[in-house]
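Asks: Sharing a structure, written as structure tokens. Questions coming.
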Amino acid sequence: MTKTLNGTLDTFSLADLLQWLEINRLSGRVTISRGEDRRAIDLKDGAIVFVSSARPEERMGTYLASRGILPEPVVYEILADSFLTGRSLTRLVLECGLLPREELAAAVEQLALKILLDLFHWQGATFVFDPSIATEDFLRIQLSLRGQVLALEGARSIDDTARIRPPLEAAGGDSPPTEMNFSPQAIALAFFAVSEGLALENPSAAVWRDRFVVFGRFSEKVAVTLGQPFRPLPLFADTAERCRAALAAGAEGEEVVRLAATDPFLTLDVLFLANALRTPSRGLFSTVHDAASALGPGALRRLLELLADENALAVSTRERLERALRRAAVSTAVAASHVAPATGEDPGVAWTLALLEPLGSYELLKLLLAEDFEPGPFRAAALSWYRASCGRVLARKVNLPGPFADVLGSSGHVSSRSPAAEQLVFFAKQMVAAEQVGREWTSEDPELADRYSSLAVDDHLAERIAADAAAIREVLGL
């Protein structure tokens, strides 16, 4: 069994690591992490053959489109294929004959060099070298990406930066966000923190032992899930069927906006693809309408073809968790869109925010239900412990705008000082409280209670929300 090598770049520098891998002609992948940032370096016989980054502005598709190497609609179309089939973007570019090998290799090398040189400035980063990951050198970019050459370039880059960086910035600056710790000690401390909140319980030692074991297994699975890249989610079966009909009729552009309004999975998939080439400076998409317009007919059609294919996975409307999630999502979205004008928010954005809110804990719930947790306060507390982190990481992976990160990563305890998006979803959830699933959103803030009361006293508003939500649930068979 092959063994991984891990450490920190503060004790084992990137230059030393790359030179050691090169001298020993090792193959595999080096993953470097700092907070929520991750970059990967693929090596073949000691030579760097590919470099990738989780940052949207450092992804290959963004690089090709932003520099005009390929038109943005073309990049979107092959990205849809890459996301759904798992094939690499660079391989698809070659297979589709979009660029000569030499031109693509030059672009890959330029981006790789930019990412690698920036890594020399990372402090407090950790690395893991995994030789079990298969890598290949089909672009043949190794000539100028040798470890020793990069070490020299990296040292020069650090010197240049030190000369031009202001003294205060060089001394510190903003530190990267702290990554959730899943070490054995951290998991044990998390277990005790969760258990302390159950003050009314006094179980036996055997129960404590069993809880500790199941919480540990659950935490390890959460860690694995958080570290995986986002993959488009399967559609509800009825959505997939309607997508196939729309494709056959050639009306997918307008139809996808309507279908996504009642399917949070399709909404998230469309936003994921559309925001894959966006950065905050360019503006991130918040609605399916805007996202679909940006994707263009070719990419949108390819996305739907793959998602709605007869052989693709689909979510049955009979699945208990997914059915409850969809019912809650649609009801809250209706309420949010009605409440939005009174809070100064855009109704379309409000709908999308509320529709996606339950997805922040969707994967977490599936992991939880797969473990042998006894129903009750302990299971609920375990879910609550990781819920906000999972939602925040999901928002980052999909590259959603800030308000979505606020909602997906919310603790559920809202006040008048909370972000506007959180307050909006809180109001919407109170309006359709009977339809909610998962943890409860609460507030002890009198000011927020007064604002909600001013909304709740409007009988006509409550009636419209109830009628519209019921009508949609009836159409969906919920």
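Please treat every number below as a calculation from the coordinates, not as lab data. This is a predicted model, so every value here is computed, not measured. Cβ atoms come from the backbone with ideal geometry, glycine included; neighbour counts cover every protein chain shown.
Asks: Quote to one decimal, in nm, the extra length available between Asn181 and Glu319 on full extension: 0.36 nm per residue of separation minus the C-alpha distance between them.
Replies: Contour length minus the Cα-Cα distance gives 46.4 nm.
Asks: Additional query: When only alpha-carbon atoms count, how far does the stretch 235-476 stretch along each of its three principal axes, as whole angstroms with the largest first?
Replies: Between the extreme Cα coordinates on each principal axis of the stretch 235-476 lie 53, 44, 40 Å.
Asks: Can you tell me which lysines have their Cα less than 20 Å from the Cα of Lys3? Leave out same-chain residues fewer than eight positions away.
Replies: Leaving aside lysines fewer than 8 places away in the same chain, those within reach of Lys3 are Lys44.
Asks: I need the Debye-formula profile for the stretch 208-252: one equal scatterer per C-alpha, no solvent, reported as log10 I(q)/I(0) at q = 0.14, 0.25 1/Å, two decimals.
Replies: The Debye formula, applied to the Cα set alone, gives -0.59, -0.86.
Asks: Provide the FRET efficiency to the nearest 0.05 for the Leu198-Ser454 pair, computing r from the beta carbons and using R0 = 35 Å.
Replies: Efficiency for this residue pair is about 0.45.
Asks: If Lys and Arg each add +1 and Asp and Glu each add -1, what is the summed charge of the other residues whose beta carbon sits under 14 Å from the beta carbon of Glu77?
Replies: My count for the surroundings of Glu77 gives -2.
Asks: Please check which bits of the stretch 238-274 a label hung off Arg282 would reach, taking the label as a point 7 Å along Cα-to-C-beta and the cut-off as backbone N under 15 Å.
Replies: 271-274
Asks: Can you spot the lysines whose alpha carbon is less than 19 Å from Lys397's alpha carbon? Ignore those fewer than 8 places along the same chain.
Replies: Lys221, Lys366
Asks: Same structure, new question: Classify the stretch 55-127 from the C-alpha gyration tensor, please: rounded if a/c falls under 1.5, else prolate or oblate depending on whether a/b exceeds b/c.
Replies: Cα axes put the stretch 55-127 in the prolate bin.
Asks: Arrange the peptides 236-247, 220-231 so that the one whose residues have, on average, the most other Cβ atoms within 10 Å appears first.
Replies: So the peptides 236-247, 220-231, ranked by packing, come out 236-247, 220-231.
Asks: Per the helix-only calculation at 222 nm, which mean residue ellipticity applies to the chain, given -39500 (n - 2.57) for every DSSP H run of n ≥ 4 and division by its residues, nearest 500 deg cm²/dmol?
Replies: -19000 deg cm²/dmol
Asks: Report the net charge of residues surrounding Gly283, where surrounding means a beta-carbon distance below 15 angstrom and charges are Lys +1, Arg +1, Asp -1, Glu -1.
Replies: Here the charged neighbours net out to -2.
Asks: If I take every Cα pair under 8 Å that is 6 or more residues apart in the stretch 235-476, average their sequence separation and divide by the length, what percent do I get for the relative contact order?
Replies: It comes to 21 percent, rounded to a whole number.
Asks: Is the shape of the stretch 359-478 best called rounded, prolate or oblate, per the rule: a/c under 1.5 gives rounded, else a/b larger than b/c gives prolate, else oblate, with a ≥ b ≥ c the square roots of the Cα gyration tensor eigenvalues?
Replies: prolate
Asks: Could you list Ile472, Ile48, Ile32 in order of exposure, starting from the residue whose Cβ has the fewest other Cβ atoms within 10 Å?
Replies: The fewest-first ordering by Cβ neighbours comes to Ile472, Ile32, Ile48.
Asks: Still on this structure, please answer the following. I'd like to know how the chain sits against the 2.2 N^0.38 Å rule of thumb: what's its Cα Rg over that expected value?
Replies: Output field value: 1.06.
Asks: Report relative contact order for the chain in percent, whole number only (criteria: Cα-Cα under 8 Å, sequence separation at least 6).
Replies: Relative contact order here is 15 percent.
Asks: In the stretch 1-99, which chymotrypsin sites (Phe, Trp or Tyr not before Pro) fall in coil by DSSP and have 15 or fewer other Cβ atoms within 10 Å?
Replies: Qualifying residues, ordered by number: Phe12.
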